[in-house]
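Participant: Structure in structure tokens, see below.
The values are calculated or read from the model by the stated rules, or taken from the named source; none is laboratory data. Keep in mind the model is a prediction, meaning the values are calculated, not measured. Heads up, the Cβs are rebuilt from the backbone with ideal geometry, glycines too, and the neighbour counts pull from every protein chain shown.
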């Protein structure tokens, strides 16, 4: 069937900010869908609140809205745009839920919008557990036995069906708290009764236990002609019980006979037809009993997913792109396979390699969180690796994780080992290898972990290969044994560790022996047909298919797995570099190992190397490709950390020199430079021991900001107010060494902070954006909302920041992007940090100014055009107020205090656009998932130094009609100025206390600045309760002021959605920044 | 596999691959082909259509789930030799009865692993299927290349007599018997028989050399022409018998080799594909309705579309290379498919062809009654 001509305008909804469980895979899928539909001649309207995405680039859609993904906001866009159709399946659960809400609210019918891809009924069946179970029953497919109970009596009935052990999960509790596994009737009654009490709706889900069963996923596609194909099968290394996002997964399935696999395939086809997903991709999860082959259907996602992104990268079959084409009426046989060109998409990819995906966790950032994995996903990112064997893929994947130290445990007590093997956790892999090395039999590890013996045997093979080289000198290891080590994926660094040599020595030795990798192609077809797409991975085998060209080429190093502090923003920059240089006639070569990203779409660059971002792997590609230039400044800390070594090895790094990058990172050199330039920075020092730190801090004066060197996202960064805490920090929080001393800075209390992004080369410096942080100094820049243009700062200080930016860019000989963090305290501008590279805020500033900073930077770096020839003004301006706000994963980590501080915790960001600061901030808050109250009770409890400002705020809130509630001291102060306020108990003062009020839903807004150690427990309880009940809770006065501005703006202004294209094409833009109309002026 | 012994694979054009010996020690020659199925190595090994061939699996990890009696497609493995990237030392499956290595040793099938199978596949893809010799005894490249060159080519090779049953045997219907089908055994896979039996057919399996007269004397409701190895062009006598069978008006259904023989019986020609179709992911278009089924394939020869007479309709084509995948006679109750509706290994999308044959037999019976 040809494409539909009865529709012409299609709305695509994105997935919003990056959160745990919904990351840049939906930028990848959304971008593919936008591109595919535009290519087919449709007018594409896109809405997404996340500015760091490629999909929200103005070129990707015809009309792009960066607006909150709420029913009201998207309904307004639909009423304005009147699209013919809505594609709900490429923006994750967010887009799917929102689309169904729009259908349920009648908005789609009202505006004549048709859901394409998946109809409302199909989505409901797939998403509603009861309906899905009913559908599966009708189709004769088994699901886990069990059901929902709202009383003990119901629970008694259900257990008849499930038997023991039974799994009990209370509905709607944070992180699934209050559930458990019951092995006998007594336990069952206890857990069920507790669960019913813990659930806010007094409901528990009770199911038969399938813990320890093998878990599989199939990616299915269907077209309007009812053709169905399976794109990929995925087997989970970890058995049932661990969220698939937290499990190592392998493609294709490894331990199923054809008979068993075909059963899952048949069921998948039955399910997609039964649920009624008309076109596109679905993901279906199965559990298989390893003892008898019994199967249970776990769930189906009627949309593209994290797994489908993985399946696309694993097979070379672009699921989202094809899904978009199927949604407009094409059938699979009408769409060509990009890679083979000569064969159609109506086939099932077969692969002749193995793919391993490994999750990346950030538990170290959530100190109170228990490192246990379960059904709630906790990982923040993932890597994928391709090898010709499972061993090779797995070990390539492990090194892609960028672990700081070689993973090897020592002296693990037997009981700890047993516990860590039995209870899934982020370190389990290391415990398994430890167990194997210490002679624990595979059967025993299997008994404890439920991990299939085949996988364990694979690991054991690698341990044996290691044993053959460990403790020997490099020279006495037979070349065959070294080759074997490389074949199973052991890195040079690992070999160096095992032979007590340096990585460079191993590399040199290996190359002398001629042990170098070859590159094979991902081609969807197991080499049956010729591949026209250079999508490559390395392996140690005979034949090399790399076939480098002799074109002018630039290599771009990506940013590896997402993690807190290094996420989609850097992938955005890498993609832009690739697009720009491709357009400029270069061959672009992308190196990355993150399967979620747009950068690892084989369509993004001319050549894609799906490889770990280590020195070894990158140099191997450099040796093969001999690029004219390498860009290391766009992928965040990962490639930057390689810069010096690549440079030393003769790799041609372009843009700002590695020496300048090092200068900016090196305390001493940088301090000297600032002195020379006369640019102030906070007093600082370094220390490698606690006494030294105490001495330095005394010299500098408390409070001090302390942190380890060379870290990302403020890892282990802390503000320390006294000697005792500093001593504790030095002894417990960090490992300091002469190479990596602890950095100590004077902490500028209550300073205002700014992020400045600029473009520079020897011909010009363009200040792209001076972003003012909403939160005051002390909150990590990635965790603070920020606004463009700055709203509460005197022009003289802006001028000073511009001046410092220019002289620093010149002094560092910046060629490309530079980001500087400033603080202003007591009318003095300090430089906090200079990063001569792409920053987290580049996409935000690009979207706000309409100037593609990363593109221009790439062209400047490659010497295509000097900066001055772009004819940009010295200072870019914006046509509206743009607010960037972070989103946090606290809700996934029970027990963790959701307070902001110098260590970054946010996973993603949204942008709000408005005519006023308040409007933009309100939209950003809404986009971040926080509904601002228009009225109700505002609870205020602040420390003494904040009480003056609290009075101002309380007045404004009272005027808006809020009822005031405060703790005793704050209340007294508010009463002094004549405000009416109710006094409430602190947590330890009696009941009902403030937390009780929050839990009762009586509090609309919380302003609570830290009072110090004594009240820490109180405050933490308030914050946790606020988080659970989604009550806005601000912990800084500047944040509170911004929030009140937003509430006022929300009450007073009617917002009208506007597209990026309108913003940047209108004559009004790029002329003059709007005047600050914030309701207050805050002078630090 | 700590103790590894070397093995050598030599192709007739002089290309060689060194690897590790597994399975049985020994030396074999055959046509070098590859299969792209990611599961189902046991079904591949026991498919009689692979007689005379050395099979390379494109999926690199083979043997993971071991071997079991239930998944065998015939009484024994038929491949001459087996080439994989990495053989699993352990079998992990509740269904496993032995490791693949032990199984191959038991059946004296030499195998090689630790070779760049992708390079081998690309070589065959570009230059065509060719003769090869696999040895763990003779590790001299020149000598083994010479042996490959001296071995029998697949063209004009008759192999049905090697794999066919010695004497007729019966497979009872599962449940009530509705039809009696005579199966010409050119190397039949057990799953075809299972499919028929499950649909209520009693099957009489007869040797490939059985005459049409003898077959028709069994008064079958339908005749099934099985899959099998070798070049259909080498089967002149059988083709004559098939022509008589088909023209008898008895519903006739051919699969793979049986399809090729039918094509020749109707006056068409067959030709050798460059490297064949072997795998479980081939898209076949049913022309009349426009739907695509994902199918299991194993054929090195095909029926030439333009050689068929007007009364034969090409019903199915392969979307990858447009080759004939199915045909039917416009007047006679005869149809055939080039691929494997019985799957094993592979997807079940095409299973309906067995029901189609049942319907044909039903109609035919009613016509007789009416």
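Participant: Of the residues B:14, B:30, which single one is within 23 Å of residue B:157 (Cβ to Cβ), more than 9 Å from every other protein chain (Cβ to nearest Cβ) and surrounded by fewer than 18 Cβ atoms within 10 Å (Cβ to Cβ)?
Facilitator: Just one listed residue meets the conditions, B:14.
Participant: Check A:713, A:650 and return the single one that is part of a loop (DSSP other than H, G, I, E, B) and surrounded by 15 or more Cβ atoms within 10 Å (Cβ to Cβ).
Facilitator: When all the criteria are applied, what remains is A:713.
Participant: What number of residues within the stretch B:260-315 satisfy the criterion of being within 14 Å of another protein chain (Cβ to nearest Cβ), more than 15 Å from the chain's Cα centre (by Cα) and within 24 Å of residue B:160 (Cα to Cα)?
Facilitator: Residues that pass the stated criteria total 1.
Participant: Follow-up. Within the stretch B:324-338, is even one residue in contact with a helix residue (DSSP H, G or I) (Cβ under 9 Å, 6 or more places away or on another chain), part of a loop (DSSP other than H, G, I, E, B) and within 14 Å of chain A (Cβ to nearest Cβ)?
Facilitator: No - not one qualifying residue is present in the stretch B:324-338.
Participant: Here is a further query. Among the numbered criteria (1) at pLDDT 95 or above; (2) in contact with a strand residue (DSSP E or B) (Cβ under 9 Å, 6 or more places away or on another chain), which one does residue A:274 miss?
Facilitator: Every listed condition holds for residue A:274 apart from (2).
Participant: For the stretch A:254-271, how many residues are under 18 Å from residue A:224 (Cα atoms) and within 14 Å of chain B (Cβ to nearest Cβ)?
Facilitator: So the answer is 3.
Participant: Here is a further query. Of all residues in the stretch A:955-968, which are outside any loop (DSSP other than H, G, I, E, B) and surrounded by 15 or more Cβ atoms within 10 Å (Cβ to Cβ)?
Facilitator: A:955, A:956, A:957, A:958, A:963, A:964, A:965, A:966 - these are the residues of the stretch A:955-968 that are outside any loop (DSSP other than H, G, I, E, B) and surrounded by 15 or more Cβ atoms within 10 Å (Cβ to Cβ).
Participant: Still on this structure, I have one more. Residues that are closer than 23 Å to residue A:382 by Cα: which helices (runs of 4 or more DSSP H) entirely in the stretch A:485-588 hold 2 or more of them?
Facilitator: The qualifying helices (runs of 4 or more DSSP H) are A:492-499, A:568-583.
Participant: If you don't mind, there's one more thing I want to ask. Identify, by number, the condition in (1) within 14 Å of chain B (Cβ to nearest Cβ); (2) surrounded by fewer than 24 Cβ atoms within 10 Å (Cβ to Cβ); (3) modelled with pLDDT of 95 or more that residue A:285 doesn't meet.
Facilitator: For residue A:285, the failing item is (1).
Participant: Could you identify the single residue in A:29, A:99, A:49 that is more than 21 Å from residue A:313 (Cβ to Cβ), in contact with a helix residue (DSSP H, G or I) (Cβ under 9 Å, 6 or more places away or on another chain), in a helix (DSSP H, G or I) and modelled with pLDDT of 95 or more?
Facilitator: Just one listed residue meets the conditions, A:99.
Participant: From the set of residues in the stretch A:588-625 that are surrounded by fewer than 23 Cβ atoms within 10 Å (Cβ to Cβ) and over 22 Å from residue A:392 (Cβ atoms), which is modelled with the highest pLDDT?
Facilitator: Per the criteria, the residue is A:606.
Participant: Look at residue A:398 and say whether it is surrounded by 14 or more Cβ atoms within 10 Å (Cβ to Cβ) and modelled with pLDDT of 95 or more.
Facilitator: So residue A:398 passes the test.
Participant: In the stretch A:502-515, is there at least one residue being more than 10 Å from chain B (Cβ to nearest Cβ) and in contact (Cβ under 8 Å) with a residue 60 or more places away in the chain?
Facilitator: yes
Participant: I need the full set of residues from the stretch A:379-394 which are outside any loop (DSSP other than H, G, I, E, B), within 14 Å of another protein chain (Cβ to nearest Cβ) and in contact with a helix residue (DSSP H, G or I) (Cβ under 9 Å, 6 or more places away or on another chain), in order please.
Facilitator: A:386, A:387, A:390, A:391, A:392, A:394
Participant: Now for a separate question. So which residues in the stretch A:340-356 are surrounded by 24 or more Cβ atoms within 10 Å (Cβ to Cβ) and more than 11 Å from chain B (Cβ to nearest Cβ), if there are any at all?
Facilitator: Listed by number, the residues that qualify are A:355, A:356.
Participant: Separate question: Within the stretch B:172-192, is even one residue surrounded by fewer than 17 Cβ atoms within 10 Å (Cβ to Cβ) and in a helix (DSSP H, G or I)?
Facilitator: Within the stretch B:172-192, not a single residue is surrounded by fewer than 17 Cβ atoms within 10 Å (Cβ to Cβ) and in a helix (DSSP H, G or I).
Participant: Related question: Considering every residue within the stretch B:129-143, establish whether at least one is at pLDDT below 95, in the same structural domain as residue B:51 (by TED's automatic domain parsing) and touching a strand residue (DSSP E or B) at 6+ places or on another chain (Cβ under 8 Å).
Facilitator: yes
Participant: Out of everything in the stretch A:219-252 that is within 11 Å of chain B (Cβ to nearest Cβ) and touching a helix residue (DSSP H, G or I) at 6+ places or on another chain (Cβ under 6 Å), what residue ends up being nearest to residue A:383 (Cα to Cα)?
Facilitator: The qualifying residue nearest to residue A:383 (Cα to Cα) is A:251.
Participant: Please give the helices (runs of 4 or more DSSP H) falling wholly within the stretch B:54-155 in which 2 or more residues are within 11 Å of chain A (Cβ to nearest Cβ) and touching a residue at least 24 places away in the same chain (Cβ under 8 Å).
Facilitator: Result: B:117-127.
Participant: Continuing with the same structure: Check residue B:36 against each of (1) touching a helix residue (DSSP H, G or I) at 6+ places or on another chain (Cβ under 7 Å); (2) within 14 Å of chain A (Cβ to nearest Cβ); (3) crowded, with 22+ Cβ neighbours inside 10 Å and name the one condition it does not meet.
Facilitator: (1)
Participant: Report whether or not residue A:536 is within 14 Å of chain B (Cβ to nearest Cβ) and in contact with a strand residue (DSSP E or B) (Cβ under 8 Å, 6 or more places away or on another chain).
Facilitator: Yes.
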